[in-house]
Amino acid sequence: MKVETISATAVAPPTGIGGAFWVFVTVTTDTGITGVGECYGIPFAPNVACSMVEDIFDRYIAGSSPHDVETMYRRVYSAGFTQRPDPTLMSVFSGIEIAIWDILGKALDQPVYNLLGGAFHDRLRTYTYLYPGPDGGDPYHEPEAAAARALDYVEAGWTAVKQDPAGPYTIQGGRELSLHELDRCEANVEAIRSAVGDRADILFGTHGQMTTSSAIRLARRLERFDPLWFEEPCPPDQMDAIGRVAGATTIPVATGERLTTRAEFHQALKAGVSILQPDIGRSGGVWETKKIATLAEVFNAQIAPHIYCGPVAHAAAAHVALSSPNFLVLETIETDFHRDVLVEQLEWDAGFLVKPTKPGLGIELNDDVIAAHPADNHGPLHLDMCQTPLSSDNRKTIEELS
């Protein structure tokens, strides 16, 4: 059996939840077996991203046995004489590689986790962002709205909720948060903790926008509310700074959504990060993410896979998580469109993902729904940052000050 052809398609979720567009990959073998995958966060227009996927497949993977995952990885990792972590290149490869694991599972009539050592867990604890509810309110900037939405999710069975009220996230790199931003973050977490008590963990995200000193100031304000983690407090290219934050707070520090391959995650572990958040659509795919999880075990660290994308990468991350003893919690997005783009869907039970039992990833794409929601090649990227620098003045932007 050889992998023979590929197609990559960009689909736009109507709500924008999970990103502006998703890149789905379908690989077909010479025996007619198909597998699906998903790339995460390729920072180019949808048509360009899809062309990248097809080009890399044609150059390095077409004609290979689907069992030769290690060889495929080394060929692509070294493409263009790079041989180093490259977020875009590894995002491209990750989607292809996920599809190949789907093929392997189907060919062997086994769910993917059985090819990774078996299911260590019977189900997976999941968490959700505090998305706005039908009654309005802004759970990112209004403490009352944050508390109300947190309580809604807890009543529905969730045991962990996440928010990141310190935004907007700008291109300038690390900055010192204003007193207004620090106050808002503290008030939001206090309101959530008062609403949910010990029924749910609070996960605090920041998307790497702070200087070391600002992150430590914020962490010390939040410690009394006992968050489960303090996520990516400094830019991802400042791993020493993230390590200094980890050493200065009692809150576990998490990071990883913007890292790729075990090389970068090893640096995070050495810096003192105790919760890794690989996004399987960028980190190198199923096999590389499993290696990252195993590496974390050596450091007595845990994995909490990042999922801000579509349901294919979500399914792939679930299989790695199910097979990993040091799994902590899995990010989850439940929208109508996440369900509609699948024929065979993932199943939840009160905040826990139910272990799939069908071969491969256990899902099937709904081609009709995908065709009805093409991505706009001139629209926004999957994710982007605020282009306006911000000042640490209490409330004002640099533009307003000038």
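The values are calculated or read from the model by the stated rules, or taken from the named source; none is laboratory data. If you're wondering where the values come from, they're calculated on a predicted model, not measured in any experiment. Glycine also receives a Cβ, built like all others from the backbone with ideal geometry; neighbour counts cover every protein chain displayed.
For the stretch 91-119, a residue qualifies if it is in contact with a Pro (Cβ under 9 Å, 6 or more places away or on another chain), more than 15 Å from Thr289 (Cβ to Cβ) and either among the β-branched types (Val, Ile, Thr) or part of a loop (DSSP other than H, G, I, E, B) (or both), and the qualifying residues are Ile103, Asp109, Gln110, Ala119.
In this structure, does Ala315 turn out to be under 26 Å from Leu381 (Cα atoms) and not basic (Lys, Arg)? Criteria met by Ala315. The selection criterion, being modelled with pLDDT under 95 and surrounded by fewer than 16 Cβ atoms within 10 Å (Cβ to Cβ), does not hold for Pro139. Only one of the numbered conditions (1) outside any loop (DSSP other than H, G, I, E, B); (2) within 23 Å of the chain's Cα centre (by Cα); (3) in contact (Cβ under 8 Å) with a residue 40 or more places away in the chain is violated by Arg84, and that is (1).
Scanning the stretch 21-37 for residues that are in contact with a helix residue (DSSP H, G or I) (Cβ under 9 Å, 6 or more places away or on another chain) and either assigned to a loop (DSSP other than H, G, I, E, B) or buried (at least 24 other Cβ atoms within 10 Å of the Cβ) (or both) gives Phe21, Trp22, Val23, Phe24, Val25, Val27, Thr31, Ile33, Gly35, Gly37. Counting the residues of the stretch 1-18 that are surrounded by fewer than 20 Cβ atoms within 10 Å (Cβ to Cβ), touching a residue at least 60 places away in the same chain (Cβ under 8 Å) and within 17 Å of the chain's Cα centre (by Cα) gives 1. Given the condition loosely packed, with under 14 Cβ neighbours inside 10 Å and of a type outside the set (A, V, I, L, M), answer yes or no: does some residue in the stretch 86-108 qualify? Scanning the stretch 86-108 turns up no residue that is loosely packed, with under 14 Cβ neighbours inside 10 Å and of a type outside the set (A, V, I, L, M). If you go through the stretch 330-363 and keep only what is surrounded by fewer than 17 Cβ atoms within 10 Å (Cβ to Cβ) and either without any contact (Cβ under 8 Å) to a residue 12 or more places away in the chain or of a type outside the set (A, V, I, L, M, F, W, C) (or both), you end up with Glu334, Thr335, Asp336, Arg339, Glu344, Glu347, Asp349, Thr357, Lys358. The single condition among (1) touching a His at 6+ places or on another chain (Cβ under 7 Å); (2) under 26 Å from Asp240 (Cα atoms) that Phe299 does not meet is (1).
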